[in-house]
1. All but one of (1) closer than 23 Å to Ile157 by Cα; (2) open to solvent by 50 Å² or more (accessible area, probe 1.4 Å) hold for Arg68; which doesn't?
2. Working only within segment 120-131, note down all residues that are under 29 Å from Gly53 (Cβ atoms) and assigned to a loop (DSSP other than H, G, I, E, B).
3. Which of the residues belonging to segment 73-85 are assigned to a helix (DSSP H, G or I) and over 17 Å from the mean Cα position of the chain (by Cα)?
4. Return yes when Arg68 is in contact with a helix residue (DSSP H, G or I) (Cβ under 8 Å, 6 or more places away or on another chain), more than 13 Å from Arg123 (Cα to Cα) and part of a helix (DSSP H, G or I) and no when it is not.
5. Which of the residues spanning segment 132-159 are open to solvent by 30 Å² or more (accessible area, probe 1.4 Å) and outside any loop (DSSP other than H, G, I, E, B)?
6. From the set of residues in segment 22-35 that are open to solvent by 60 Å² or more (accessible area, probe 1.4 Å) and of a type outside the set (Gly, Ala, Ser), which is farthest from the chain's Cα centre (by Cα)?
7. Which one of Gly46, Gly60 is within 14 Å of the chain's Cα centre (by Cα) and over 23 Å from Arg77 (Cα atoms)?
8. From Lys37, Lys48, grab the single residue that is touching a residue at least 24 places away in the same chain (Cβ under 8 Å) and within 23 Å of Leu100 (Cα to Cα).
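The values are calculated or read from the model by the stated rules, or taken from the named source; none is laboratory data. The structure displayed is predicted, hence computed values, not measured ones. Note that we place each Cβ from the backbone using ideal geometry, even for glycine, and neighbour counts take in every protein chain shown. The area values use the complete protein model at the heavy-atom level, side chains included, leaving out ligands, DNA and RNA. Shrake-Rupley method; radii C 1.70, N 1.55, O 1.52, S 1.80 Å.
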Amino acid sequence: GGRLEDWLPAVPIDWDIPDRFRFEPSEIATAEALASKGRYAAIYFGPKGGNTGCGHNRGGLWSPSDWRGVVEGLTERGLRCVAVGASYDKPYFEEFIAPLDLPLAETFIGQHGIGQTMAILKRAKLCVSYQSGIGIMSSYFGVPTVLFWRPYGDTIIPGATLVSFE
């Protein structure tokens with residue numbers, strides 16, 4: 001929860017990296033094609049391990065039914081919901097989210113590299129994300145972003161040194 005500058009005072013911190021992120025023309029074209037179908041929210045459900053045994057959602061603080069509420073609520077408000085994530089995010093999606101039969105407009109989990117995913121995030125009207133670089137980068141791109149966090153003092157790794165955010 002502390003500032004990076006406080007942890008590493010001797011190291012210059014560059015907070016403008018997202019301003020210089022370069023996209024391949026194909027990445028931009030795919031994101032533009034997605035946006036041409038209408039406004040969308042990027043949804044990142046996260047990995048299975050981080051949603052079950054350890055991590056920011058250990059113990060199911062944020063349940064699949066909570067995701068249902070988010071996706072259905074955004075859809076009712078006129079946003080198409082687009083799922084993003086890496087191939088290692090597929091097990092959580094397939095086991096816990098897919099059975100809910102959510103009204104997802106597109107599911108790109110495990111289908112794109114990081115550049116394509118970032119282009120999709122940059123064009124989104126909103127991002128709702130498991131705490132990760134997905135939500136952090138969407139925020140840096142200026143996209144309104146919602147991330148959930150464990151309560152302060154509730155470590156993300158059970159039985160280990162406290163890893164918590166304030």
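1. (1)
2. Tyr130, Gln131
3. Step one: of segment 73-85, the residues assigned to a helix (DSSP H, G or I) are 73-76.
Once the filter is applied, which keeps residues that are assigned to a helix (DSSP H, G or I) and over 17 Å from the mean Cα position of the chain (by Cα), segment 73-85 yields Gly73, Thr75, Glu76.
4. Numbers: in contact with a helix residue (DSSP H, G or I) (Cβ under 8 Å, 6 or more places away or on another chain): yes; more than 13 Å from Arg123 (Cα to Cα): yes; part of a helix (DSSP H, G or I): yes.
So Arg68 passes the test.
5. Gly133, Ile136, Met137, Ser139, Tyr140, Thr145, Val146, Leu147
6. Step one: filter segment 22-35 for residues open to solvent by 60 Å² or more (accessible area, probe 1.4 Å), giving 22, 24-26, 28, 32.
Next cut, of a type outside the set (Gly, Ala, Ser) only: 22, 24-25, 28, 32.
On the way: Arg22: 20, Glu24: 21, Pro25: 23, Ile28: 19, Glu32: 20 Å.
Per the criteria, the residue is Pro25.
7. Details: Gly60 fails: within 14 Å of the chain's Cα centre (by Cα).
Just a single option satisfies the conditions, and that option is Gly46.
8. Working: Lys37 fails: within 23 Å of Leu100 (Cα to Cα).
Residue meeting the stated conditions: Lys48.
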